[in-house]
1. Check whether at least one residue in region 617-630 is assigned to a loop (DSSP other than H, G, I, E, B), surrounded by fewer than 15 Cβ atoms within 10 Å (Cβ to Cβ) and in contact with a Ser or Thr (Cβ under 7 Å, 6 or more places away or on another chain), and report yes or no.
2. With modelled with pLDDT under 90, touching a Ser or Thr at 6+ places or on another chain (Cβ under 8 Å) and among the aliphatic types (A, V, I, L, M) as the only criterion, which of LEU425, LEU408, LEU361, LEU387 stands out?
3. Mind checking which residues of region 112-152 are of a type in the set (Val, Ile, Thr), at pLDDT 85 or above and either assigned to a strand (DSSP E or B) or within 30 Å of ASN69 (Cα to Cα) (or both)?
4. How many of the residues in region 390-401 are of a type in the set (A, V, I, L, M) and at pLDDT below 85?
5. Can you tell me which of ASP310, ASP301, ASP291, ASP261 is touching a Gly at 6+ places or on another chain (Cβ under 7 Å) and in contact (Cβ under 8 Å) with a residue 24 or more places away in the chain?
6. Just one of the numbered conditions (1) over 19 Å from LEU20 (Cα atoms); (2) in a strand (DSSP E or B) is not true of ALA109; which one?
7. Is it the case that some residue within region 526-537 is outside any strand (DSSP E or B), within 32 Å of the chain's Cα centre (by Cα) and either of a type outside the set (A, V, I, L, M) or more than 17 Å from ASN583 (Cα to Cα) (or both)?
8. Got a number for residues in region 345-358 being at pLDDT below 90 and among the charged types (D, E, K, R)?
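The values are calculated or read from the model by the stated rules, or taken from the named source; none is laboratory data. Keep in mind it's a predicted model, so treat the numbers as computed, not measured. Every residue, glycine as well, gets a Cβ built from its backbone with ideal geometry; the counts of neighbours run over all protein chains shown.
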Amino acid sequence: RFDQLPSNYVTAVASDYAGLHIATDVGPMVHYDGLSDEFEDGLASFQLPSWPVYRMSSDGTHLMLMGLNAMAIVESHTEAHSSVKSATVQNPTNVAVGANGFWLTTSDAGLRGWTPASAFDEMESQTARYANPLNIGFNSQFMDISNMTHPGYAIELVSPNEPVLLNASVGQPGVHGLMFQTVPLIMTSPVSNAAVWAQSTKLRYDAVLGLNDSTGVQDGLQLAINNGQLINGTRFVPIKLIAPSNGSIEVRLTYDWVRLDTPVEISDMYDRPDDGGGTLTVEWTLVHDSDFSRYLVYVSDQPWTGLPTDIDLVGRIIDKSESIHSRLRADVTTANGVPLIDGVDYYALVVVEYNDGRYGLPSQVFGPVTTSNEVPTPPEWATAQPLDGGVAGDLETEWARCKAIDLLETRIYTSTQQMTNILGLSVETSVLPTEGNTTILNLDPGRPYWLGFTCVDTTGQEDLMNATIIGPVVPTGGVNDGIPPAKLENVWAIDTPDDEGGRITVGWDASSADDCAYYVVYMITGVVFATQPTSVAGFSESTIVNNCEDNSTIVSQIDGLPLTNDLEYYIGVVAFDTWLNSNLNDVEIVTATPIDNSNGAAMPPTRIESIQAYDHPDDDGTAIDVVWSISDAGDFSKYVVWAADKPVDDIGYLWNAYGDDPAKCGCVVIDKQWIDEDKNPIELTLNTALYGAVAQAEEFGLSDTPQLIQPGIELFVTVTVHDLQGNVYTDSLLSASVVPVNNFEDTTPPPRLENITLSDRPNDDGMALHLEFDLSPAGDVVQYEVYAASWAFSSVGIGADGPNTPSLILDRDPSFPITISMLAGDIEVLPGLKTWVAVVPVDSSANAIKTDLTVVSTQPVDDGVTDPGGYLPSIEGITLIWVEETNILVTWNHSNDLNVKGYKIHISSEDYSDSSDATYVNQTIGNSFLITRAEFSDLSNDSDWYISVTTFDDNLERKSVDAKRIPPFDSTGQVAEETTSENNLESLLTTPNLLVAGLAILSLLLLLAIVRGRNSKSQKDKEWEIQTATWGISDDPWDTAPQTTVPPPPAAPLQTDSLFDAADRIERQDIGREQYVSQRPVMNPIRSPVDETLLNDLNVGKPQKKSETGIDTSFLDDLL
């Protein structure tokens, strides 16, 4: 069957060596046999004592199931999957199958068990195992302690009456020179696996202290006191005095003591990880003193000259206190009350304060340690899959939560190319921590994507080089059919000609699968096959071709390493569908060997043709933005972006000395040839550059080191292109320069623009003008404001003689020419209306000069073209459908015109033929769009809507459209499709319509013949006389009234009714089953002018003369 599970709601899963066992909310059980690769149905829900099944466990032979109030044991891998044991159990919680039985836990009755196969008998609910009898052995002496094994019972192993002799020559010297040694305690019992437990409670020994030995008595006595028994704060030390010979002795013992507090020490101090800086973490040892009050942490930005005393600490501010004696760590944010500064060395100590206010002995000073603002670590994992129940293109994503303490958001990047980092990519979406760790992306359906996940802190830091990357994933819709695309045919591979080797060109016949998404080229080398392989198992993925239209590609690496010349590679190509189904075991395998065809001549890729550098907006002057055109090199390997405080037209010294090591060259490496499918220029933000000595302003040397970008110092930027063989041009490079600006303190506006050109837009209706200008030399320009008015002016803004607000706002790198169609005051550009225009550059701090501007003017000309974008193609195959009763899904056929950059969607409640008369919704590069209330707030499902899709290029959009109507939503979910003249004709050419039309035409011809015959002039020629004689028709003149009354012929309406009645009878023939009746469009025919001559011939509207002869028309009935 198509779907192997009876339901998508799985309640329990178990696995064993031979397969899977799956339970859902409806029956039956499903078993997957991994040995045969087949799904099998098990017991139905009514065959089990409880359903659904919530827990399962299997040992490969038997499967234990747990329901709401029962359990069952069934056969795991037999064909019948029969039940062998079942029982009712109240409040079960889990099951387990082991070698010694089947086990089930409950919430209130403990553990229950059943014996192994084949008895399956329930075990006693309470069992105990005792080691009885129990014997112990100690120093080769044994004792039966069976009657002594009671809690709290002390077993005396050694006593003065029962001494144990030890070897006095072995052991380790202890107190008072006594020899201590370890003696094993052995417990034995005939009952196996019985638990035993023992604990030593007391060890007594004798020591002889010579009181006359004054040098050791005090130390020995203090040692005895230290080891005395402590009870409720009092230490008990029994002392017994024995004289070496008979006699009397008088002893006076005075013990003076001074309390010693438990010392505290700092065990570690470090910068708190994954935070925004300014915090140190301090850890210390535990203090058990009974009058403990709190731990105090002091931090200093200067080292202490010596160990401070409590008097030294009185004048300092406590930086952290902790009153819970078991809490041994704290985060500190100040030093003597002043916030910590990243990069500064700090020192710390910890001291204990007691209940009486006194301080204990401070710890040793720990340091120096600095704080830093770390770049957040990307999520540990991420997943993505098509959204179940979503529309085509919905991709459900989930990732591990970011651990950064100063987390701002999680960013997700997408690419249709395989990637290892996200440099140069634009953010697809951002998710705040309060929104969780899941989101839904809406991407182009059916295309493979790679996703990159990063964590961003409050200062905007993210790890672009080590983003968590997954893919390929394909956003798709529908149901996974589980069928992979068919085997690719006619696979071939050859050495790529005219190169330096290391490349193989691979081709194949494109897949015919409708759901094909992409191809994967697999390769392997260094393997000898006994027979020709047909599977890519064990091969490595070399290249992914991200669409199924291409049928060839060039491979240049395997396992991240370049291909080796003159080495044979086995190659296979596999097609994957949108659900990632593929057949890796039926593949056409070919071989090829890369060869160097250059004869040793190096062929570096061409240099970059365009590069620009800007100050990064809204920062403190520590970053710049670089934009460059992409390379078209066929053997592209990487870009290297260089930035330095001196010209970089020639970076030969840096390349030869440091290569592309960022730690030495301050450069950035990007291994993506382009970022998007349109191959737009790449934009990258740099934070480091190479700075050298001031005296060495023109040449690079050993003094040049990578540093964070500094505001106010001009930087020079270039990009080099490298091929797979390492060839690169390092001289005569195109470069750009920029001065980083601290935008928080910037008050200098960009200079006025001087070179501005305003001209009429050619081949149009005079409703627009073209604007071009030279870009500002200021590196911190973030936008250009275009002011246009129908009067002359020299300044703009509030209180000026020009417009208050701009007509257009352009980004810092606009595409020319700029089209102006609206003027200040919402006035449209009109033919012959003179227009004045000025352009104001604005930097990222909103600084701009708006007075004494360069203003240009001109008049638009009407060239008689109503739709300037009419050269663009119109869109076909537009389909409209209600989705979820509230949204409208618009789909259409892609345009094949290479000049088309995308599609714009418009909507209106009334029909229109010009998109200017409708509301603009959005634009896209795909061939589908979902209109929601978020896109169009007036959208409702109880009225008609007219929707159009039109094309646009870099300059214009097509205005002439054929809007399609979608009716209000009803229970059938109506679909409105584009209707062509061909479809109209097909809808009319139905069998009933053709029959009615044929009969109507025949009737009309007969009536016309009769009427014309009755109104023709009377002619009695010889032929007519013969006919009169033959048929017996009266020879009275036709133009005179008849003398006798003849029954008139049937009136024309009767004939017409008969025709349509007959057609209706034919149409309503009962064929014994329900007939499909197609919808008939309501036609509003356009009536052509009436031919008066024809009316005269038909005598329409004139009084008719009575027929003088009776004509028998009964043949019409026979005909019908």
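1. Yes: region 617-630 contains one or more residues that are assigned to a loop (DSSP other than H, G, I, E, B), surrounded by fewer than 15 Cβ atoms within 10 Å (Cβ to Cβ) and in contact with a Ser or Thr (Cβ under 7 Å, 6 or more places away or on another chain).
2. When all the criteria are applied, what remains is LEU425.
3. Residues satisfying the conditions are THR115, ILE136.
4. Result for region 390-401: 2.
5. Sole residue among the options that is touching a Gly at 6+ places or on another chain (Cβ under 7 Å) and in contact (Cβ under 8 Å) with a residue 24 or more places away in the chain: ASP261.
6. Among (1) over 19 Å from LEU20 (Cα atoms); (2) in a strand (DSSP E or B), ALA109 violates only (2).
7. Checked region 526-537: at least one residue is outside any strand (DSSP E or B), within 32 Å of the chain's Cα centre (by Cα) and either of a type outside the set (A, V, I, L, M) or more than 17 Å from ASN583 (Cα to Cα) (or both).
8. Final tally of qualifying residues: 2.
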